[in-house]
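The values are calculated or read from the model by the stated rules, or taken from the named source; none is laboratory data. What you see is a predicted model, and the numbers here were worked out from it, not measured in a lab. Counting neighbours? That spans all protein chains shown, and the Cβs are built from the backbone with ideal geometry, glycine included.
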Amino acid sequence: MPRNSLKIAIAVCLLVSPLATACSSGSADSDAKEVTVYSADGLKGENGDGWYDQVFKDFEKKTGIKVKYVEGGSGEVVQRALREKSNPQADVLVSLPPFIQQADTKGLLQKYAPEGSDQVNGADKAADGTWTSVVNNYFGFVYNKKELKQAPTTWDELLDAKYKEKLQYSTPGVAGDGTAVLIKAIHDFGGKDAALDYLKKLQANNVGPSSSTGKLAPKVDKGELLVANGDVQMNYAQSKDMPNLGIWFPAAKGGKPTTFALPYAAGLVTKAPHSENGKKLLDYMLSQQAQQQVSEIGGGFSARQDIKATDDNAIALTKLMDGVEVFEPDWNDIDENLTSYIEDWKSATGS
């Protein structure tokens, strides 16, 4: 999920990429009744109706702690936290793989197991206890249902001339969903070289770079684009207000549609200025009440295995994933080689 302007409210400070200035600067008051969240986009609603909107509102009502919210691409929020490492401004960091692993590797996260994290699958949390998924999610693509009577099925279809200047994907290395394009292509084409060869060809139809994946869905809905990348949670939530938005999963030629888990993972920032408040927010995010609202309000998948959602959204999401093969990327390899993968992608595409 979504996305690039400055909005400041009484309880929420929202800064979307480019991440140029902070909500606050200098040393924070450790006793203040506030908590600052740096997060990848996707969980806050365009109209104040997203999962974050509800969770932050309920959390503030319960604790009296105000949430300051800073939003950007997955890579952007991690890079910002890294720049501030000597003087941290954030308390909680939320990002997508492989950037949450990157944050861990760079020492940006401290160990903290939120209440309820024992119900999170082992693959969806760090072995060293530095981060845990708060919303499960899957990578996907969107298409315009009005202009295209049915969704494309394969990667190869996107090379057709009808998609010229009508296709766009967010930038790998900057956006989590953009990086996911590269990860999925490497899997589906059976290796990096074949994936880069394909993406080089696809560049002929690609509009160009985008730091924000969330900005692409409105363009698809309006018909400015026919196809773009995204993720299931964000795009499903957006489709409530975007009737022309459809979700699909590309397949390799002759293969099944595939995807992989792309959870929103949260961790407590090392030397967080409001560490105790950060812990309380993480606890609340994984509470049964908040997790029950993941599908009902956020259009995502609960991170807790003991939450059995039966709302209409949960049923629709289960149906959407039917027949889609879910693979598990080698995150250790990706974390180790991400920089070289991105450089190779830039060389191949001329980006």
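General observations
- Restricting region 35-51 to residues that are in contact with an Asp or Glu (Cβ under 6 Å, 6 or more places away or on another chain) and closer than 19 Å to A81 by Cα, the residue that is modelled with the lowest pLDDT: D41
- Filtered by the rule that a residue be in contact with a Phe, Trp or Tyr (Cβ under 7 Å, 6 or more places away or on another chain), within 19 Å of A123 (Cα to Cα) and assigned to a strand (DSSP E or B), region 234-266 gives T258, T259, F260, A261, A265, A266.
- Test: A272 is touching an Asp or Glu at 6+ places or on another chain (Cβ under 8 Å), assigned to a helix (DSSP H, G or I), of a type in the set (G, A, S) and outside the structural domain of V174 (by TED's automatic domain parsing): no
- Residue within region 227-243 that is at pLDDT 95 or above and surrounded by fewer than 20 Cβ atoms within 10 Å (Cβ to Cβ) present: yes
- Among the residues of region 69-126, those identified as within 17 Å of A272 (Cβ to Cβ) and among the basic types (K, R) are R80, R83, K85, K106, K111.
- Residue within region 89-99 that is of a type in the set (D, E), part of a helix (DSSP H, G or I) and within 30 Å of L286 (Cβ to Cβ) present: no
- Filter result for V70 (under 19 Å from L262 (Cβ atoms), in the same structural domain as H274 (by TED's automatic domain parsing) and at pLDDT 95 or above): no
- Given (1) buried (at least 24 other Cβ atoms within 10 Å of the Cβ); (2) within 27 Å of A32 (Cα to Cα); (3) in contact with a helix residue (DSSP H, G or I) (Cβ under 9 Å, 6 or more places away or on another chain), number of the condition Q289 does not satisfy: (1)
Conditions (1) under 20 Å from Q238 (Cα atoms); (2) surrounded by fewer than 19 Cβ atoms within 10 Å (Cβ to Cβ); (3) among the basic types (K, R); (4) at pLDDT 95 or above, marked per residue:
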{"residue": "G254", "(1), (2), (3), (4)": "no, yes, no, no"}
{"residue": "T259", "(1), (2), (3), (4)": "yes, no, no, yes"}
{"residue": "M285", "(1), (2), (3), (4)": "no, no, no, yes"}
{"residue": "Q293", "(1), (2), (3), (4)": "yes, no, no, yes"}
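- Candidate set: region 180-222, residues that are among the β-branched types (V, I, T) and modelled with pLDDT of 95 or more; chosen: the one farthest from S347 (Cα to Cα): V220
- Search result, residues across region 136-179 that are of a type in the set (A, V, I, L, M, F, W, C), at pLDDT 95 or above and touching a strand residue (DSSP E or B) at 6+ places or on another chain (Cβ under 9 Å): F139, F141, V142, L148, A151, W155, L158, L167
- Residue check: I183 meets all listed conditions (1) of a type in the set (A, V, I, L, M, F, W, C); (2) in contact with a Ser or Thr (Cβ under 7 Å, 6 or more places away or on another chain); (3) under 28 Å from N313 (Cβ atoms) but one, namely (2).
- Test: residue in region 11-25 that is at pLDDT 95 or above, in the same structural domain as Q101 (by TED's automatic domain parsing), in a strand (DSSP E or B) and in contact with a Cys (Cβ under 6 Å, 6 or more places away or on another chain): no
- Subset of region 53-85 [of a type outside the set (K, R), more than 22 Å from V294 (Cβ to Cβ) and not in a helix (DSSP H, G or I)]: G64, E84
- One residue stands out among those in region 51-77 that are among the charged types (D, E, K, R) and farther than 12 Å from D41 by Cβ: the one that is nearest to the chain's Cα centre (by Cα), which is D53.
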